[in-house]
Amino acid sequence: MSTADNPHPNTTVGASKSTTGGIRIVTLVPIALMLFSMFFGAGNLIFPPQLGAQSGENFLPAMIGFLIGGVALPVITIIAIALSGQSVRSLAARGGAIFNVAFSVAVYLSIGAFFGIPRTGAVSFSTAIAPVTGVDSTAASAVFNLFFFGVSYWLARNPTDLVSRLGKILTPSLLILLCVLVVMSLFKLHGATQPPTEQYVETPLVSGLLEGYLTMDSIASLAFGILVISAIRGHNPTPDSDTSRFTVVKATAIAALIAGFLLAVIYVGLGVMGSRIPDGQSFSDGAALLSAASLSTLGTTGQIVFGGIVLLACLTTSVGLLAATSEFFNYLVPKVSYQVWLLIFVLVSFVIASLGLDAVFSIAVPIIVFLYPIAITVVAATLIDAATRKYSMYFGFRVPVWVAVIWSMLTTVAPQTVAWSPGATIQLGWVIPVAIAMVIGIIIDLINPADARKRSTAAAALVKEAPLT
């Protein structure tokens with residue numbers, strides 16, 4: 001494969017190629033574990049038990065909603081990336097040149113140095129170090145984050161080793177620690193089921209869905225997709241054939257489904273644990289709840305186990321985000337090397353994380369409100385296009401995407417202007433306007449399908465040939 005077709009050749013994992021023309025399942029398991037480890041950060045630990053405690057008697061619909069937002073959407077996004085090409089830029093190509101670059105940069109910065117990466121360091125300190133050591137100060141946070149991001153930098157220096165370092169070592173350790181905590185909690189915690197809190201009374205499924213959003217894994221999927229596809233392509237003996245492209249899509253889907261299944265099992269276990277802890281609704285957040293559950297089930301040892309879980313979860317996510325973000329910006333601006341981008345993002349993340357957890361989380365909600373409607377629209381349009389035939393949609397993609405962009409901007413700067421839309425009170429007011437825009441765009445494409453295919457093909461080719469320099 002040429003560098004133009006695969007702008008990230010150095011992300012290929014160094015394992016042997018399949019001799020059967022396909023991808024062996026034994027090859028996909030480490031890749032799936034790598035993806036799981038990158039998804040599973042501290043946010044993924046603290047949201048499910050909090051949902052379990054607060055949803056009370058409405059636990060089932062709330063958890064279903066959480067699994068949709070925190071598992072189904074990320075898995076679908078990974079598959080959409082594989083169908084569209086290999087990166088978020090190929091996924092967003094039909095939105096136009098301005099949208100393509102702006103959306104891609106916004107995705108990588110939001111899950112990267114401006115929020116996602118600093119969150120891993122800040123949450124690690126707040127939930128794993130401070131409760132155990134009793135030391136909680138800005139200076140202590142800075143010292144810890146210096147060590148934390150130093151290790152992250154070392155692991156992310158060569159993304160070729162991500163499968164062996166994350167998939168084969170850190171992830172099994174993380175899963176073992178999680179299983180110990182969940183199983184012991186199920187045996188020792190016997191709190192009575194409580195009535196749901198206010199947000200889970202009338203619309204528990206939607207509230208669970210919004211909690212799933214907060215993991216930001218659907219946004220992260222846009223970045224992680226390229227690492228999964230690059231890893232799979234490294235095992236493909238004929239990377240440029242039509243059969244090979246189908247094989248890559250199929251293998252990517254299988255790896256994503258394996259990772260999604262593991263996420264779902266862990267989420268349900270943590271959620272049940274949260275629902276069983278006595279007086280679970282009295283805790284201020286999921287981190288405090290988990291810390292109390294660890295102490296109740298395993299004593300002081302439990303708190304140490306919990307600290308290990310958080311550190312491993314945050315470290316694996318930090319490494320994945322650093323690698324994916326640095327790879328993307330190296331492709332976008334190839335004159336700046338991967339190693340330089342990596343160092344820049346490590347330093348920025350260290351500074352932001354050292355300011356504390358409150359400073360990091362203060363930007364989370366605006367990011368989610370702005371990006372999620374756009375990202376879901378892009379993925380939905382890509383899947384609908386793939387279900388018909390490739391490049392059959394152009395205006396069916398561009399029109400709803402720009403409606404989602406405008407809606408997100410209005411929701412952010414002037415929410416009263418869009419408060420009339422059904423679902424606006426639960427942050428889903430964009431769904432109906434975007435759906436109408438998509439129908440209108442598809443009708444335009446059906447009137448002149450040849451023009452739609454021509455425009456879509458041109459947009460895809462432009463993305464392959466136009467990194468910024």
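Tell me which helices (runs of 4 or more DSSP H) are completely within the stretch 96-159 and hold 3 or more residues being under 30 Å from A459 (Cα atoms), or say none if there are none.
97-111
Out of the residues in the stretch 413-431 meeting the condition of being surrounded by 13 or more Cβ atoms within 10 Å (Cβ to Cβ) and among the β-branched types (V, I, T), tell me which one is modelled with the lowest pLDDT.
Going through the qualifying residues, I end up with I426.
Every residue in the stretch 245-278 that is crowded, with 17+ Cβ neighbours inside 10 Å and not in a helix (DSSP H, G or I), please.
I277, the sole residue that qualifies.
Here are some residues: G21, G69, G41. Which one is at pLDDT below 80 and either of a type in the set (S, T, Y) or under 21 Å from A287 (Cα atoms) (or both)?
Of the residues listed, the single one that is at pLDDT below 80 and either of a type in the set (S, T, Y) or under 21 Å from A287 (Cα atoms) (or both) is G41.
List pairs: first residue in the stretch 283-309 and without any contact (Cβ under 8 Å) to a residue 40 or more places away in the chain, second residue part of a helix (DSSP H, G or I) and not aromatic (F, W, Y) anywhere in the structure, Cβ distance under 8 angstrom, at least six positions apart or on different chains.
L295/G302; L295/Q303
F261 - would you say it is free of Cβ contacts under 8 Å to residues at least 60 places away in the same chain and under 26 Å from the mean Cα position of the chain (by Cα)?
Yes: the conditions hold for F261.
Filter the stretch 147-157 down to the residues that are closer than 23 Å to Q303 by Cα and open to solvent by 60 Å² or more (accessible area, probe 1.4 Å) and list them by number.
F147
Report, ordered by the first and then the second residue, all pairs with beta carbons closer than 6 Å, sequence separation of six or more or different chains, a first member in the stretch 436-457 that is polar (S, T, N, Q), and a second member that is in a helix (DSSP H, G or I).
Pairs found: S456/R94.
Kindly indicate whether Q281 is open to solvent by 10 Å² or more (accessible area, probe 1.4 Å) and touching a Leu at 6+ places or on another chain (Cβ under 7 Å).
The answer is no for Q281.
Residues D136, D161: which one is within 22 Å of the chain's Cα centre (by Cα), modelled with pLDDT under 85 and among the charged types (D, E, K, R)?
D161
Conditions (1) over 21 Å from the mean Cα position of the chain (by Cα); (2) closer than 26 Å to L322 by Cα, marked per residue:
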| position | (1), (2) |
| --- | --- |
| P334 | yes, yes |
| V348 | no, yes |
| A375 | no, yes |
| L410 | yes, no |
| P422 | yes, no |
| G441 | yes, no |
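Each row is one residue, and each column tells you yes or no for (1) over 21 Å from the mean Cα position of the chain (by Cα); (2) buried (at least 24 other Cβ atoms within 10 Å of the Cβ); (3) within 17 Å of A253 (Cα to Cα); (4) among the acidic types (D, E).
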{"site": "M34", "(1), (2), (3), (4)": "no, yes, yes, no"}
{"site": "F39", "(1), (2), (3), (4)": "no, yes, yes, no"}
{"site": "P48", "(1), (2), (3), (4)": "no, yes, no, no"}
{"site": "G52", "(1), (2), (3), (4)": "yes, yes, no, no"}
{"site": "S55", "(1), (2), (3), (4)": "yes, yes, no, no"}
{"site": "F66", "(1), (2), (3), (4)": "no, yes, no, no"}
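For the stretch 180-204, how many residues are closer than 15 Å to G271 by Cβ and either assigned by the TED database to the domain that holds Q427 or crowded, with 18+ Cβ neighbours inside 10 Å (or both)?
Result for the stretch 180-204: 7.
Taking L312, is it open to solvent by 60 Å² or more (accessible area, probe 1.4 Å), aliphatic (A, V, I, L, M), over 21 Å from F187 (Cβ atoms) and in the same structural domain as V132 (by the TED database)?
So L312 fails the test.
Go over the candidates V463, V434 one by one and state the one that is modelled with pLDDT under 90 and open to solvent by less than 30 Å² (accessible area, probe 1.4 Å).
That would be V463, the only listed residue that is modelled with pLDDT under 90 and open to solvent by less than 30 Å² (accessible area, probe 1.4 Å).
Take the residues in the stretch 284-304 that are among the hydrophobic types (A, V, I, L, M, F, W, C) and either farther than 30 Å from A156 by Cβ or surrounded by 18 or more Cβ atoms within 10 Å (Cβ to Cβ) (or both); name whichever of them is nearest to the chain's Cα centre (by Cα).
A287
Check V340 against each of (1) assigned by the TED database to the domain that holds N145; (2) free of Cβ contacts under 8 Å to residues at least 12 places away in the same chain; (3) open to solvent by less than 60 Å² (accessible area, probe 1.4 Å) and name the one condition it does not meet.
With (1) assigned by the TED database to the domain that holds N145; (2) free of Cβ contacts under 8 Å to residues at least 12 places away in the same chain; (3) open to solvent by less than 60 Å² (accessible area, probe 1.4 Å) applied to V340, the lone miss is (3).
Conditions (1) among the acidic types (D, E); (2) in a helix (DSSP H, G or I), marked per residue:
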| site | (1), (2) |
| --- | --- |
| L174 | no, yes |
| L186 | no, yes |
| H190 | no, no |
| P195 | no, no |
| E211 | yes, yes |
| A220 | no, yes |
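The values are calculated or read from the model by the stated rules, or taken from the named source; none is laboratory data. Please read these numbers as outputs of a predicted model, since none were measured by experiment. Don't worry about glycine lacking a Cβ; one is built from the backbone with ideal geometry, like all the others, and counts go over all protein chains shown. These area figures cover heavy atoms from the full protein model, side chains too; ligands, DNA and RNA do not enter into them. Shrake-Rupley method; radii C 1.70, N 1.55, O 1.52, S 1.80 Å.
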